[in-house]
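Below is one structure; the comments refer to it alone.
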Amino acid sequence: VQTHYLGFQVYYRRKKYLLMLRCLKRMKKIDADNAKFHSCLMKFLQLVQSEPIADERVRTLIDDELKAFGVKQGDSYRKVEEVNAEFIKNHSNSLTHRAEAAKIMLLINPADNIKAIEFVTSLDSNFIDQNLKVCVFNSKSITYLSNE
């Protein structure tokens with residue numbers, strides 16, 4: 001998943017829609033519940049909703065794939081906030097997933113950085129991945145969130 005995640009980041013910066021879509025499809029095939037997959041899918045959805053795509057064939061292909069990902073219903077896209085909230089609800093017991101969801105919260109509304117930091121730093125004994133590696137990762141995420 002990490003390889004496709006890094007590829008997605010490069011293509012996202014260059015706005016290469018079809019290459020981003022290819023990375024998303026491969027990440028989903030490997031692990032659809034991966035937090036990085038969710039993060040990339042939300043970035044892609046936000047980009048597709050905000051940027052016009054001139055080529056109608058590309059738009060049609062993207063729309064078909066987004067339906068397969070479950071973020072497009074009929075002719076309308078689901079809101080990024082709604083999909084992220086559903087993701088948080090489904091993965092409420094994972095620190096890694098919470099960190100990625102907080103990054104998406106910040107992407108949606110940059111003024112909510114305090115809320116995102118509080119969301120990442122709230123700990124609970126029910127977390128399934130509460131270990132040193134994940135906590136260090138979340139610490140880096142907090143640095144990322146506070147610098148945004």
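Okay, here's what the table says:
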read-out	value
Tally, over the stretch 115-129, of residues that are closer than 14 Å to residue 141 by Cα and over 17 Å from the mean Cα position of the chain (by Cα)	4
Residue among 67, 15 that alone is without any contact (Cβ under 8 Å) to a residue 24 or more places away in the chain, outside the structural domain of residue 113 (by TED's automatic domain parsing) and surrounded by fewer than 18 Cβ atoms within 10 Å (Cβ to Cβ)	67
Tally of residues being more than 15 Å from residue 88 (Cβ to Cβ) and surrounded by 12 or more Cβ atoms within 10 Å (Cβ to Cβ) across the stretch 105-116	1
Where residue 40 falls short, out of the listed (1) over 21 Å from residue 105 (Cα atoms); (2) touching a helix residue (DSSP H, G or I) at 6+ places or on another chain (Cβ under 8 Å); (3) not hydroxyl-bearing (Ser, Thr, Tyr)	(1)
Any chance residue 128 is of a type outside the set (Ser, Thr, Tyr) and not in a helix (DSSP H, G or I)	yes
Set 63, 112, 33: member being under 21 Å from residue 14 (Cα atoms), among the acidic types (Asp, Glu) and within 18 Å of the chain's Cα centre (by Cα)	63
Lone qualifier among 138, 90, 84 - being surrounded by 15 or more Cβ atoms within 10 Å (Cβ to Cβ) and touching a His at 6+ places or on another chain (Cβ under 9 Å)	84
Counted residues, the stretch 44-64 - those being exposed (fewer than 13 other Cβ atoms within 10 Å of the Cβ) and hydrophobic (A, V, I, L, M, F, W, C)	1
Subset of the stretch 70-87 that is without any contact (Cβ under 8 Å) to a residue 24 or more places away in the chain and in a helix (DSSP H, G or I) - its residue that is farthest from residue 136 (Cα to Cα)	82
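One line per residue, one yes/no per condition, for (1) charged (D, E, K, R); (2) over 23 Å from residue 67 (Cβ atoms):
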site	(1), (2)
80	no, no
85	no, no
105	no, yes
115	yes, yes
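The values are calculated or read from the model by the stated rules, or taken from the named source; none is laboratory data. Owing to the predicted nature of the structure, the values given are computational and were not obtained by experimental measurement. Cβ: placed from backbone, ideal geometry, glycine included. Neighbour counts: every protein chain shown.
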